[in-house]
Amino acid sequence: MATGGSDPDQELIARVGRGDPAAIQALVARKLPRMLQLAHRMLNDAAEAEDVAQEAFLRAWKQAPTWQPGAARFDTWLHRVALNLCYDRLRRRREVSMSDPPEQVDMGPAADRGLMARDTGLRVSAAMADLPDRQREAVVLCHYQELTNIEAAALMGVSVDALESLLARGRRALRAALADLRE
Amino acid sequence: MNKDRFQTLADAFGGSISRWPVALRDEAYAFTASSPDEAAAALASALDLDEDLDAVERPSPSHALRQAIINAAPRARPARGPIQRWLTGAGVGIGLVTAAAAGIVIGVDLSASSAGEDAVLLAAVYSSGLLNDGGDAS
């Protein structure tokens, strides 16, 4: 994991570990939107994203009293926890879909599909959901979470070159899937 | 940096060189200066995708979620003032004294019970004639 010098959250975590209510509020304000976004982009499901964010914080509360600065940045650790929780859910989804394949969704007439295409946000979310998990993770970490390539590669356990390849393939696939938005 | 490498980096890191890895930016800016048209084309295509990605609504945490998380956080033990500390110490002292007194009372009571039981046993032995028989034999 990337250590990257001093941890900007270190003092806050120490106070959280002592049960300081102001520090708890501050940490939630600082991290919850990021964790919720991470889970939402990975899972494309608002309710599941909330569950993941809540569980990640529960683990943070357990960890805070004994948090050892220097092993990893708290933000990196929290990302890893949330990503693991997301992958658990993605795995369960695959197991369910393999044992009980969903019925084909009727996309409706072509005119309706054109109407749907106007909602860029929904189209992008759907295209993101169709990406292979690791490509989606790379795009989420670098574009939405704004991690550096070194931080994202360390978090994913891959080399910087491998991350670059995942990103390039993921973004090319997204561009192809969304090409009609630019016509 | 050549055109293909620049295109790959734009594909990977997007249409804004300021968001590319720091170590690559100087070379990238040099390429834009030497090949402005090719650089602009690569960046424009990547910027379009950046805009599409940013069109996705950012989820906002609900009040209920925020409160549920905060409510589950570790709680600080309330700070104890000097009076509370004295009261706690006094409470421990009183407890020890009470326990010691209770021990003495129970000890005395057990002794009394034991003495009573001995008297009953002795009376039973006398009434059974065991001691008298022994006396005759001697």
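Just so it is clear, none of the values below were taken in a lab; they were calculated from the coordinates. From a predicted model like this one, the values you see are computed outputs, not experimental measurements. Cβ coordinates were reconstructed from backbone atoms using ideal geometry, including for glycine residues, and neighbour counts include every protein chain displayed.
Among A:E164, A:E50, A:E95, whose mean-square fluctuation peaks in a Gaussian network model of chain A (Cα, cutoff 10 Å)? Of the options given, A:E95 has the highest mean-square fluctuation. For the range A:1-101, the equivalent ellipsoid built from the Cα gyration tensor has semi-axes of 29, 14, 11 Å, listed from largest to smallest. Projected over all directions and averaged, the alpha-carbon convex hull of the range A:110-183 occupies 5.1 nm². Pairwise inverse Cα distances across the range B:3-56, averaged and inverted, put the Kirkwood hydrodynamic radius at 11.0 Å. Shape index of chain A: Rg/Rh, with Rg the Cα radius of gyration and Rh the Kirkwood radius from the inverse mean 1/r over Cα pairs, equals 1.03. With a 10 Å cut-off around each Cβ of B:54-64, the average count of Cβ atoms from other chains is 6. Ranked by the mean number of other Cβ atoms within 10 Å of their residues, highest first, the peptides A:30-36, A:122-128 come out as A:30-36, A:122-128. The charge dipole of the range A:110-183, taken about the Cα centre with unit charges on the Cβ atoms of Lys, Arg (+1) and Asp, Glu (-1), comes to about 240 debye, rounded to the nearest 20. For the peptides A:143-152, B:49-58, B:28-37, residues were scored by their other Cβ atoms within 10 Å and the scores averaged per peptide; the highest-first order is A:143-152, B:49-58, B:28-37.
Charge dipole of chain A (Cα centre as origin; +1 on each Lys and Arg Cβ, -1 on each Asp and Glu Cβ, all else neutral): 300 debye, rounded to the nearest 20.
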